[in-house]
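Worksheet for the structure shown next.
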Amino acid sequence: MNITVLKEAGLTDGEVKVYLALLEVGSSTIGPILERSKVTKSIIYRILDRLIEKGLVSYIIKNKTKHFQAASPNKLLDYVEARKEEMDENKKKIQELLPELLLKQNLSKKSEATVYEGFKGIITAHDKRFERLKRGDEYFFFGLPQKQPEYFHAYWQKDHKKRMKLGIKCKMLYDQKVTDSILKNRNDFKLCDARRMPLDVNSPAWILGYKDVTVIGLPLADKSFAFEIVNQEVADSFKSYFEWFWKKSKKFKL
């Protein structure tokens, strides 16, 4: 007999064995059921109680001893139908509860913050854009310093070539004292719009933003640092800040 169907209907392995044993032996005390089903004595009563709850077993008491009997196999159809109705009702309740569960999940999302040290650390934070951004996406920079070490420029050249190949756009706002040659160089790369800040702001940090990520860079003399924050609210705040500057900036013309 293929007992898999009975298991799929919602019966455990032990319940199937005991129910089939009762079908074969008829009305019986515990002894013959144990012998026929091969389940252990320690769990037989728990199994019988569950089958009674499911309407698949009943009992009578003769001479102060319980005699158990399997219900008609037709009862299996009634059990399956009742189980289906219960599952449908549970599904409906879960669907009603779903918005609240999703809200709890969203509210429980925590911010992530990572600190990167030195030039290599900054490069690591910067390169992570390419893991998240796709063709047509955009990132922004503002507060970029007027001067950077030469090895920084060498990296940016390779970085922009990779960015162009991937079809990612960028907007950059430099310190007002940045040279025309640097701005021309950045604007020579496709999909890049580099400009001067509209205000003469001497910022100690530069900001990189994309999606829900904000990177704050501190180019200190002894060692540079970059702080990466993954939080949509923070990202939206800095993006609004950038867009205010961007609207007041002017497109670079040599």
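A few comments on the model shown:
- Applying the criterion of at least 3 residues that are more than 40 Å from the chain's Cα centre (by Cα), farther than 30 Å from VAL213 by Cα and at pLDDT 85 or above to the strands (runs of 3 or more DSSP E) found wholly in region 23-120 leaves 57-62, 65-70.
- Look at (1) in the same structural domain as PHE227 (by TED's automatic domain parsing); (2) loosely packed, with under 15 Cβ neighbours inside 10 Å and you find that TYR116 fails only one, number (2).
- Near pairs, Cβ below 8 angstrom, 6+ apart or cross-chain, from region 142-171 (outside the structural domain of ASP222 (by TED's automatic domain parsing)) to any residue that is modelled with pLDDT of 95 or more: none
- Residue check for THR124: outside any helix (DSSP H, G or I), out of contact with any His (no Cβ under 7 Å at 6 or more places or on another chain) and not acidic (Asp, Glu): no
- Within the set LYS253, LYS177, the sole residue that is without any contact (Cβ under 8 Å) to a residue 40 or more places away in the chain, more than 23 Å from ILE123 (Cα to Cα), surrounded by fewer than 17 Cβ atoms within 10 Å (Cβ to Cβ) and not assigned by TED's automatic domain parsing to the domain that holds LEU144 turns out to be LYS253.
- Failed criterion for SER203 (all others in (1) within 26 Å of the chain's Cα centre (by Cα); (2) over 16 Å from THR114 (Cβ atoms) hold): (1)
- Annotation: GLY143 fulfils all but one of (1) modelled with pLDDT under 95; (2) at negative phi; (3) not basic (Lys, Arg); the unmet one is (2).
- Taking the conditions (1) surrounded by fewer than 19 Cβ atoms within 10 Å (Cβ to Cβ); (2) within 11 Å of ALA70 (Cβ to Cβ) in turn, LYS41 satisfies each one other than (2).
The values are calculated or read from the model by the stated rules, or taken from the named source; none is laboratory data. Worth saying up front: this structure is predicted, and the values here are computed from it rather than measured. All Cβ positions, even for glycine, are placed from backbone atoms using ideal geometry, and neighbour counts span all protein chains on display.
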